[in-house]
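What follows is a single structure, written as structure tokens, with notes after it.
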Amino acid sequence: MILETENLFIRQFKITDDTALLEAMECPEVHQMYSNGFTTINKVQDYIQLLLQEYKSGKVRTLAIAEKSTDKLIGSITLDVTEIFSRAEISYWINKNYRNRGYATETVKAIIGYSFDALSLNRVQALTSNPASERVLINAGMIYEGTLRQYFKIGNDAWDVKMYAVLREDFSSKK
């Protein structure tokens, strides 16, 4: 699967994305999203191999975000689909060297469109505790629905997250 936007390819990971993925893990906000601690090229390559096996089996959940002009990995987006409820939850990150260029919003809009048009879902949602991500979600057409208290806990640290979502009918009316 490949989605193409004005500036990006949203595509399956390639083994050659290993160096760019390891580079992105230098950012603490990105690194904390991965419990296996991508600290070596071997760990990153093992993760990409796992994704390649998932793709081969027909499961496409986590995709690479690549700059169109270079096809360099600059981020990742995950789409967790719950078919029985006709919804998906997205999570994403952009390498710190590529932030503030509109790439996250462009990616989220493309995945929302794909979720409604290709997957025929009714709802796409996202959780965030990050003000920059909130702006991305709002700019992509999502609506704030509430705060989930202490939704995440790692060790002794617990934090609240905000729920944003968009419904098919909301998205269709904005086109």
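Per residue, the average separation of C-alpha pairs within less than 8 Å and at least 6 apart gives the stretch 56-105 a relative contact order of 25 percent. On a per residue basis, the chain carries 56 Å² of accessible surface, using protein heavy atoms and a 1.4 Å probe.
Along each principal axis, taking the top coordinate minus the bottom one, the Cα set of the chain gives 44, 40, 33 Å in descending order. Taking a ≥ b ≥ c as the square roots of the eigenvalues of the alpha-carbon gyration tensor, the stretch 52-148 is classed oblate because a/c is 1.5 or more while a/b is no larger than b/c. Per-residue ellipticity at 222 nm from helix content only, as computed over the chain with -39500 (n - 2.57) for each DSSP H run of at least four residues, stands at -9500 deg cm²/dmol.
For the pair N100 and T5 in one chain, pulling the backbone fully straight at 0.36 nm per residue adds 32.5 nm over the alpha carbon distance. Peptides 108-116, 139-147 ranked from most to least packed, by the mean per-residue count of other Cβ atoms within 10 Å: 108-116, 139-147. Taking the accessible area of the stretch 53-121, probe 1.4 Å, and keeping the other protein chains in place, the carbon and sulfur fraction comes to 45%.
The values are calculated or read from the model by the stated rules, or taken from the named source; none is laboratory data. Keep in mind that what you see is a predicted model, and the values were worked out from it rather than measured. Because the Cβ atoms are built from the backbone with ideal geometry, glycine has one as well, and the counts that use them run over all protein chains shown. Heads up: the accessible areas ignore ligands, DNA and RNA and are worked out on the full protein's heavy atoms, side chains in. Shrake-Rupley method; radii C 1.70, N 1.55, O 1.52, S 1.80 Å.
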